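The values are calculated or read from the model by the stated rules, or taken from the named source; none is laboratory data. Treat the numbers as computed from the prediction; the structure is a model and nothing was measured. So basically every Cβ, Gly included, is an ideal-geometry build from the backbone, and we count neighbours across all protein chains shown.
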Amino acid sequence: MGRRSAAPAAASSAARERRLAVVLVARPPSRVRANRPVATAASTQHPRCRLLPHACCAPHRRLLPRARHAPCRRQAPRPALAPTPTVRDLDTRPKPGGCGCRFAPVASLFAGGLLLHPPRTRPVAIPTAAGTFAPLCYRTWQRPRRRDLPPRTTTRSLVVALPHPIARSASAIAPDKKSMARPATQEEYATLRELFRPHIESFDYFLDKGVDKMLESIRPMEITDPNSNKFLRNILHASASSFFSPFCVSNFLIFCFQSKLCHLRNADPHKLVFHGEEATEMGGYFICGGMERLIRILILQKRNYPMSLVRGSFVNRGAGYTDKAVVIRCVQGDQSSVTIKLYYLQNGSARLGFWLGGREFLLPVGIVLKALIDTSDREIFTSLACCYSVLGAYWYFESSILLCLQSFEILLCSETDDDLPNAGKYFRSVMEGFEKDDYETVAKAVLKDYIFVHLKYDHDKFNLLIFMLQKLYALVDKTAAPDNADALQYQEALLPGHLITVFLKDRLQDWLRKTKRLILEEAAKNKSFDLHDANEIRKFLGKNTTSVGRAIESMLKVGKVNSQSGLDLPQRDGMTIQAERLNFHRYISHFRAVHRGAAFAKMRTTSVRKLLPESWGFLCPVHTPDGEPCGLLNHMTSTCRVSSFYNSDGAVKNFDYIKSTLSAQLVRVGMNPLSPKIERTGPPEVLNVHLDGCIVGTIASAKIEEAVNYIRTLKLLAASGVCSLMLSCLDLFDLSEISLVYLMESKNIELIGPFEQAFMEIKCPDGGAGGRNELFPATHEEIHPTAILSVVANLTPWSDHNQSPRNMYQCQMAKQTMGFCGQALKFRTDVKAFHLQVCFTECIDLSTKSRDNVPEHLLRVHYQGKQTQLIQMVFLDLQSVYNNLTGAIRPVRLKGTEPAFIDYVAVNGAGSKNTMQKANIRLRRVRNPIIGDKFSSRHGQKGVCSQLWPDIDMPFSANTGMRPDLIINPHAFPSRMTIAMLLESMAAKAGSLHGKFINATPFANAVKEKGSEHTSVVNELGPMLASYGFNYHGTEVLYSGLLGNEMSCEIFIGPVYYQRLRHMVSDKFQVRTTGHVDQITRQPIGGRKRGGGIRFGEMERDALLAHGSAYLLHDRLHSCSDYHIADVCSLCGSLLTATVIKSDPQKKAKHEMLGLPTARNPQKNFACQACKTSKGMETVAMPYVFRYLAAELAAMNIKLELRLSNRSELHANKES
């Protein structure tokens, strides 16, 4: 890039006018004010050292070329500043001998509590022989010659030895060498693996239990041979024969990486590296066509929990329906679900609705109640009327009992025996496989497979339906508030393994359905077809080309769930995404993201996007994209976990045993088991106890608090048989998100769920009451203030000092930052990857530490550097390059003119052929930062490099003589309010001077020890800067690089950690003079990939009109666009009726022989077909899109007439 420095548009003149400016210091200039002697260190100095006030980590200071440096001088450090700084030139020639300093290896990036850098990096901190920190020195090396470069394998080993992406919990002290330079331990890898666990364990559950439960729930297909007689029991018994046919289906299934089927499951980092994988490879994705595909975690309605809703769409169900209903999503053991809706009608009755065969069936609730169990109208009335006891509000009781009587007088049937046939006759036509069964059998199948499928027994279904009716009438009477379906309290996560289970079940059911249809068609056509011949059946099954494995692979590749039933999912598209490895932040965010659904993105309401209080501690409030998916695509917090089906020992949890244990324990604290024949009492004296969607009993309201405390105690006891799921006395669910809190009395860590969090008293760690009075003391406390943020959001320094949108932007910028896409880059074949050649790290610490030494591991993978390598893979089919018949070779040309290096070539075969089928070619392009490339700080201060200034013209500091790498416009701070960026600059400078890391964890003042003073960050950093002679507020005096005089203002200068984003001009610019045009409009096409031009839109048009450039506008939009010459009839004004008159062939041949152009005379060569004459034909220049518009209007029987006139006639008419 030459001797240039990157700087935004703010020039030095702007710095003179403003008192506030931020200069990102990177390196000393060729002229340095030496105001501090250089320290010595025993055998650690280098002969080319210069004074440096910090060990900063600004990643783009390598934008500048190396400056000239003075040789190191061995003398004792003196803390006093020189009274009269001098400016002198430095010698750039290498000095022989020296102090014997050696290059610091990458494995020793942190030594002696100070920040070191690998060879050819920026500043280092030098420990003295006495163990104290000397003034920091600046170290550079000459660029080695070609023969001195290390081999390529050595360069790759530097990537592997970089610090692990797990940040240890630490305080404000500097980390030691062991904690920062060593590789990650097994415990830290286990902590990182915990973030990927839901994706892997859900697939393991699919292998262990999901497949068995799914196969058990598939309805068998019965095939009857129309050409054979029926085999009766006595015939088979008399002939001593059996009827059977062996059946086997062989297929393939794509498995999840690092699942139970993977050979690298639970492999340590050394084994992973040995096999060419990443040391931090955690799995959880699928490999489809060489691409890493990831199934999104989708948010669904909470399973097995009835919710009372008020929606306007319920009115559209039919006449008499209201906007009130109770909805429950019932989930079976194979994770398939059926949604039941209980609608309230205007006449006081209710309808039970569910979907079957692509349509919604609505049944009177009275028929369903009497079809479930043998009961009477009085028992149903008593069960419903118990909610309005005399001890409650009696006037509510009177109105509700009239409502129930009015409802059941119309709906309830008089005879129980007729209920099932009446219900079954509506479903036999849509129930596949029950075409020849009676109505009662069909009705029982509907009740079993579609009504409350999560319950096995009919009396449990009856009790649940009674409770839903009670809740519906309470909603109508306004004695109960409606539930909020957008709150996390009533939501759960759909994991990848569960989606594969239900999709595989649907595909197998479809395969059986298609096989049955083919066999019946063949048996009807071929009379000799033997249905009892297993070989013939097996041969015929080969005609069924439906591949279940291919269907799953297609779903993973495209992300579209093709199903006739819809699988009770809110969306069918966008279920999978690619696990991009731009950096580790982006990669891990894919696994921690939860999506509400694509259907909500098209809704005009904003209620689904709002951040509700129920999300506290489970969903990050700032880690969500801006734009269309804002509020719909969220990320789990760093302490949020998804509850698992597995115990700590790896065994599948026995939920039946857990439910029975809980029921027994609840009976001990006063719960009464429920029976449909027992007279019951309702709220508020007695409450129902729900256990996984099943009403197991009732409990008195006075005993609720005692029961909750007792069950919560059992959660912390491993021997109690109660797992550490989110439990309460009201419900138990196994797929909700859980968070970590302290139990204040026992100081234990408890897992809580979003449902029970709304009813708990949790204290924040700042010590405040949070508006809580003495009647409701806090029973729990948050572990750490940063527990509410996601993994990526936790890496923003002092995010509590920034404007909230800037923290949101930083979460997106962090995932767009180029770093080290992977350590196993040699073995990867990604389509596109970005790789930084030189790395840096930050000098402020963002790790957190809880009160009880519970590590909250975060990620630290901000590696930045000077040059970026764009690695692109090209996949070629060798059969399309070489022609076997002619022997011709067709060369493959790359698009674009950017030079590239061929970095890797691999030729492999595919299938059973011995010949090579494909070639993978990896191209490498080196890109230095240029004008237009996008950069960003860690506070959402994004911008582009607008100018490259010569290095010698950059201003330099009066204290240190250092020149900046980047200059940012000071106007970016008042509007964006990123105060944390100023604090980061002061902290990095202070930490570099003192040789230690500064704690930049957000909300750090909330967790200070008792008795310590709560001071601001500036008051802590200011004395640290003043102790080394710098300004208290971080400003410095700069000298102009052009004139050499002192600038009249103090400028804020310091190291700030910057990120280079993936958005580069080389990938976005497009220039063209001529090229392809659209075949319909004949206008230039758009799109860089197609060789299109730059869009000239409405705003550009308005800009030219505002400047009075009408002729330029005519040139852009007409002459250089779709310029067209048309023949128009001036008599009728038609544009589409011009026809060609046959010309004289002799005259045309004469013109062609003499090489003369053919004259264009519209009155001689064209005629109007409508007027039958050529007298009024005129030639008119117009945009071709206007002619296309006339043709479109003519197709709709609309005629477009044009009025033509000469300019002279128009001028004469205006004068007259």
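Structure data summary
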{"item": "Some residue of the stretch 286-294 being farther than 25 Å from Ala593 by Cα and out of contact with any helix residue (DSSP H, G or I) (no Cβ under 8 Å at 6 or more places or on another chain)", "result": "no"}
{"item": "The listed residue being touching a Gly at 6+ places or on another chain (Cβ under 7 Å), of a type in the set (A, V, I, L, M) and within 28 Å of Glu781 (Cα to Cα), out of Val594, Val669, Val689, Val642", "result": "Val689"}
{"item": "Any hit, the stretch 524-533, residues being of a type in the set (A, V, I, L, M, F, W, C), loosely packed, with under 15 Cβ neighbours inside 10 Å and under 30 Å from Ser607 (Cα atoms)", "result": "no"}
{"item": "Where Leu504 falls short, out of the listed (1) surrounded by fewer than 15 Cβ atoms within 10 Å (Cβ to Cβ); (2) touching a Gly at 6+ places or on another chain (Cβ under 9 Å)", "result": "(1)"}
{"item": "Subset of the stretch 451-507 (residues that are more than 30 Å from Ile373 (Cβ to Cβ), more than 23 Å from the chain's Cα centre (by Cα) and assigned by TED's automatic domain parsing to the domain that holds Glu379)", "result": "Lys478, Ala481, Asn484"}
{"item": "Positions within the stretch 751-778 being not hydrophobic (A, V, I, L, M, F, W, C) and not in a loop (DSSP other than H, G, I, E, B), in sequence order", "result": "Pro754, Glu756, Gln757, Lys763"}
{"item": "Selection count where residues are closer than 17 Å to Leu488 by Cα, surrounded by 14 or more Cβ atoms within 10 Å (Cβ to Cβ) and at pLDDT below 90, scope the stretch 593-616", "result": "2"}
{"item": "Count of residues meeting criterion [assigned to a loop (DSSP other than H, G, I, E, B), more than 15 Å from Phe203 (Cβ to Cβ) and of a type in the set (D, E, K, R)] in the stretch 265-292", "result": "4"}
{"item": "When residues of the stretch 673-720 are limited to those that are of a type in the set (A, V, I, L, M) and at pLDDT below 80, the one surrounded by the most Cβ atoms within 10 Å (Cβ to Cβ)", "result": "Leu674"}
{"item": "Identity of the residue in the stretch 1045-1058, of a type outside the set (Ser, Thr, Tyr) and modelled with pLDDT under 90, that ends up surrounded by the most Cβ atoms within 10 Å (Cβ to Cβ)", "result": "Glu1050"}
{"item": "Qualifying position, being over 17 Å from Gly1022 (Cα atoms) and aromatic (Phe, Trp, Tyr), among Phe997, Phe1003", "result": "Phe1003"}
{"item": "Enumeration of residues in the stretch 453-473 that are touching a residue at least 12 places away in the same chain (Cβ under 8 Å) and over 17 Å from Ile380 (Cβ atoms)", "result": "Val453, His454, Leu455"}
{"item": "Members of the stretch 807-831 that are in a loop (DSSP other than H, G, I, E, B) and out of contact with any strand residue (DSSP E or B) (no Cβ under 7 Å at 6 or more places or on another chain)", "result": "Lys815, Gly822, Gln823, Ala824, Arg828"}
{"item": "Residue match in the stretch 805-815 (condition: without any contact (Cβ under 8 Å) to a residue 40 or more places away in the chain and either surrounded by fewer than 16 Cβ atoms within 10 Å (Cβ to Cβ) or over 23 Å from the mean Cα position of the chain (by Cα) (or both))", "result": "no"}
